[in-house]
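Visitor: Submitted below is the structure of interest, expressed as structure tokens.
The values are calculated or read from the model by the stated rules, or taken from the named source; none is laboratory data. What you see is a predicted model, and the numbers here were worked out from it, not measured in a lab. All Cβ positions, even for glycine, are placed from backbone atoms using ideal geometry, and neighbour counts span all protein chains on display. SASA here: full protein model, heavy atoms, side chains in, ligands and nucleic acids out. Shrake-Rupley method; radii C 1.70, N 1.55, O 1.52, S 1.80 Å.
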Amino acid sequence: MSDIKKFMFVNRKAPHGTIYALESLEVVLITAAFDQDVSLVFLDDGVYQLKKGQQTKGIETKNFSTTYRALEGYDIEKLYVEKESMDARGLTEDDLLVDVTVLTSKEMGALMSDQDVVLSF
Amino acid sequence: MLHIINKSPLTNGSFENCLRVAEAGEIILIEDAVYAATKGGALEAKVREVMGRYKIHVLMPDLEARGLADRLMDGVTAVDYGGFVDLVAGNKNCQSWL
């Protein structure tokens with residue numbers, strides 16, 4: 001179908017401290033209903049959104065981190081994480097709760113340029 | 001004096017701004033600032049360097065929410081909400097680096 005566009009969601013905020021991460025996830029799930037080519041990227045503090053073992057009982061908020069695991073069921077399978085962001089935060093792929101593709105900054109930039117629509121969170 | 005920081009140290013300057021200005025005393029890291037107290041990141045050396053000057057605390061429920069409770073740096077004290085209140089009450093004044 002020729003009207004499929006490439007949508008990229010750029011996640012750059014840590015979870016819980018602000019509403020950005022949760023709001024991004026809500027919009028991603030809506031987009032999934034429209035059969036578009038969706039990519040999620042996690043840059044800077046955004047990589048913290050995918051950290052395993054988040055327990056929000058103590059701060060009495062919704063633990064939406066489990067939703068990232070459900071994305072596959074909505075045919076959202078393109079998840080990208082920038083290596084430099086993980087390194088600066090002492091994180092590795094093993095720390096993440098979903099399978100991702102790790103890209104360098106340069107590769108991330110190229111992927112971003114290639115999109116039809118870029119949504120920033 | 002107690003200094004309260006709530007912003008992530010790698011994307012906001014408030015942690016380093018605080019260190020530039022604050023006299024020796026106590027610091028508590030809450031909300032997204034708890035990332036500053038985790039092992040293995042780019043800021044670990046900086047935090048270790050200032051530990052002699054400040055007694056550093058971290059709000060444990062915020063660290064748990066972010067999945068990093070097992071990665072707290074040695075020398076940083078974990079407190080709960082009651083402990084946070086005690087720190088505020090036990091200091092002469094406090095500054096929130098919003």
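Visitor: By the scheme Lys and Arg +1, Asp and Glu -1, what is the net charge of all other residues having a beta-carbon under 12 Å from that of residue B:60?
Guide: Summing Lys/Arg as +1 and Asp/Glu as -1 gives -2.
Visitor: While we're here: Take a quick pass over the stretch A:6-120 and tell me how many lysine pairs come in under 24 angstrom between Cα atoms, counting only ones 8 or more apart or on separate chains.
Guide: Close lysine pairs under the 24 Å cut-off: 19.
Visitor: How much area per residue is accessible in chain A when the probe is 1.4 Å and only protein heavy atoms are counted (Å²)?
Guide: Each residue of chain A exposes 53 Å² on average to a 1.4 Å probe.
Visitor: For residue A:49, what is the net charge nearby, where nearby means another residue's Cβ is under 14 Å from its Cβ and Lys, Arg count +1, Asp, Glu -1?
Guide: Cβ neighbours under 14 Å give a net charge of +1.
Visitor: Right, next: Of all beta bridges DSSP finds with both residues in chain A, what is the antiparallel percent, to the nearest 5?
Guide: In chain A, DSSP labels about 5 percent of beta bridges as antiparallel.
Visitor: Follow-up. Straight-line reach only, C-alpha to C-alpha below 17 angstrom: list the aspartates and glutamates that residue B:92 could link to, leaving out same-chain residues fewer than 8 apart.
Guide: B:23, B:26
Visitor: Follow-up question, since we're still on this one. Keeping all protein chains in the complex and leaving out DNA, RNA and ligands, what accessible area do you get for residue A:71 with a 1.4 Å probe, in Å² to the nearest 10?
Guide: In the full protein context, residue A:71 sits at about 0 Å².
Visitor: Which of the trypsin sites (Lys or Arg not before Pro) across the stretch B:1-87 are loop residues per DSSP, with 15 or fewer other Cβ within 10 Å?
Guide: B:39, B:53
Visitor: Which three lengths, in whole Å and largest first, does the protein assembly as shown cover when its Cα atoms are put on their principal axes?
Guide: On the principal axes, the protein assembly as shown reaches 67, 34, 28 Å in Cα extent.
Visitor: Starting from the stretch A:1-110, pick out the chymotrypsin sites (Phe, Trp or Tyr not before Pro) whose DSSP state is loop and whose Cβ has at most 14 other Cβ atoms within 10 Å.
Guide: A:34
Visitor: Check residue A:89: other-chain or 5+ apart residues with amide H under 5 Å from its amide H, H built from backbone geometry?
Guide: B:42
Visitor: Related question: Would you pull out the residues with amide H under 5 Å of residue B:58's amide H, same chain only if 5 or more places away, H placed 1.01 Å from N?
Guide: B:29, B:77, B:78, B:79
Visitor: Net charge within 11 Å of residue B:44 by Cβ-Cβ distance, Lys/Arg positive one each and Asp/Glu negative one each, not counting residue B:44 itself?
Guide: Net charge in that neighbourhood comes out at +3.
Visitor: I need the trypsin sites (Lys or Arg not before Pro) found in the stretch A:26-82, filtered to DSSP loop residues with at most 11 other beta carbons within 10 Å of theirs.
Guide: Of the trypsin sites (Lys or Arg not before Pro), the ones in loops of the stretch A:26-82 whose Cβ has at most 11 other Cβ atoms within 10 Å are A:62.
Visitor: Would you grab the residues whose amide H sits under 5 Å from the one on residue A:38? Only those 5+ places off in sequence or on another chain, please, with H modelled 1.01 Å from N.
Guide: Distant-sequence amide H within range of residue A:38: A:7.
Visitor: While we're here: Kindly identify the stretch A:6-120 as rounded, prolate or oblate by the Cα gyration tensor criterion: order the square roots of the eigenvalues as a ≥ b ≥ c, call it rounded if a/c is under 1.5, otherwise compare a/b with b/c, prolate if a/b is larger, else oblate.
Guide: In terms of gyration-tensor shape, oblate.
Visitor: What 222 nm value per residue comes from the helices of chain B, counting each DSSP H run with n ≥ 4 as -39,500 (n - 2.57) and dividing by all residues, nearest 500 deg cm²/dmol?
Guide: -8500 deg cm²/dmol
Visitor: Give me a comma-separated list of calculated 3J(HN,Hα) values for the stretch B:6-12, in order, Karplus coefficients 6.51, -1.76, 1.60 applied at θ = phi - 60°, integers in Hz, x for any Gly or Pro.
Guide: Couplings: 10, 10, 4, x, 8, 10, 9 Hz.
Visitor: Apply the Karplus parameterisation 6.51 cos²θ - 1.76 cosθ + 1.60, with θ equal to phi minus 60°, to every residue of the stretch A:33-41 and state each ³J(HN,Hα) to the nearest whole Hz, in sequence, with x for glycine and proline.
Guide: These are the phi-based 3J(HN,Hα) values: 6, 9, 6, 9, 8, 9, 10, 10, 10 Hz.
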